[in-house]
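Nothing in this text is a laboratory measurement; each read-out follows from the coordinates by a stated rule. These numbers come from a predicted model, not from an experiment. Methodologically, a virtual Cβ is constructed for each residue, glycine included, from the backbone with ideal geometry; neighbour enumeration extends over all protein chains shown.
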């Protein structure tokens, strides 16, 4: 006779339902503000002007348009050329920062990150003052065989300046992860330094080089501000979308170009994921951190190179600052606030700065909360598997979606009268949500990395003691991960202040942000006022960076005392 043991079904605690509700809301947000706009672009690309389904006819029409194909080829070769120039330059700069004992590393690193603080079009404006029709060094440009800066040459130079810090950060990380034992063994075997570089350093950094190349190619391919300002008659895909949608109201062809612009970003993302999956750990538990040894000749060469690159960076920024104060370029260089007054008062960019600060603050606050809470629910709660897979997929998709494509999708989706969310179109709330979604993936990966570093025993012990997960989150997880949240908020704020492509389709006269107002000033021929406003954005971003640095110090002091012995 056997006794049947009744199975006890464990009832869900109400906090589990709270976690389920949180994941559901996060999934709905990403479905509404990411997946639906992208599907709207796909639908628009398969319809004619009357809304009738035409299949691939719009793609065929695109392939039969020589001007559009020319723009596609321009985008590809310019992106490839910038990548071939920037990656070696940034690699040598990163090598100097990580593999030498030169002085001034902190200063050089700070200078190299300057382009992150201003809109990308600042470099284009500066180049016009250096080498434009009335540029200070126009003769030098002609001496090297370049007729004018407007067009491909100007785009390539400006993009190199704008993309450099993004590539540098990846390569610095790649070169930092080195095992000193490999170099010690090579030295013991009498291997010369040049051979060590090609057999140890380069193979160890190959994944970083691949990722940096993909990032550079994608950023140039999808950038809008620089080609718009200095491109002249040299068309690229990003400017084609703007002309087709805003100028010609040809939404079908605009959607086709958007999908094609999405293709290299998706391909780059897929290759990066493939490379990351094949990457092996560079540091084992027994690894010894690499410490460069002083070498007077090597350190001097590295310092001279960093001085050269930093001088180019400062020259680009310095010309924009100088020109913004010049009374009437190039005839009257007397310092004045004329361009600042023209931009802030006459050009009504002052309202744009208020809108930018409002959008950046909302993006930093609500974006950080959404990203961190969602990452916590994904990493530290159990069950609800049906929600996890689609939410994790949607969290990484924004990395492969250019801002122009996302903004175009918002037009098609939120501008439909039948959409219940139609009232949000051109509102500050929609601009903020679009910016959050555009930069979502980097914040999500940062939060996930911070959460993965916490032992799962925190949640296990809390569950065994019947402590709801939200109390563990508030008392344990949040204090430990606060520095990561500050970094996420800083990332959101700076990018929201400088973004152009993500919101160029979505603003109204009442919600125009400063970066878009600068673009309009340049179109109107007020390049001095545009330079002044770009400098102001850089100043605001630098001030915000300093404030976030202070906040990070304060947070570390209050919540990270356990790290100090």
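Worth pointing out:
- The length gained on full extension between residue 539 and residue 315, counted as 0.36 nm times the residue separation minus their Cα-Cα distance, comes to 79.0 nm.
- Per-residue ellipticity at 222 nm from helix content only, as computed over the chain with -39500 (n - 2.57) for each DSSP H run of at least four residues, stands at -21500 deg cm²/dmol.
- By average C-beta atoms within 10 angstrom, highest first, the peptides 425-432, 541-548: 425-432, 541-548
- Shape call, the chain: gyration tensor on alpha carbons, a/c limit 1.5: oblate
- Exposure proxy ranking for 348, 358, based on other Cβ atoms within 10 angstrom of each Cβ and starting from the fewest, stands as 348, 358.
- A simple packing score, the average count of other Cβ atoms within 10 Å per residue, orders the peptides 524-535, 126-137 as 524-535, 126-137, with the highest score first.
- Percent RCO, i.e. relative contact order, over the chain, from Cα pairs under 8 Å lying at least 6 residues apart: 22 percent
- Segment 339-565: C-alpha gyration tensor shape, a/c 1.5 cut-off, then a/b vs b/c: oblate
- Euclidean distance between Cα centres, segment 199-234 to segment 76-119, Å: 12 Å
- Which of 518, 537 has the fewest Cβ neighbours within 10 Å, and the rest in rising order: 537, 518
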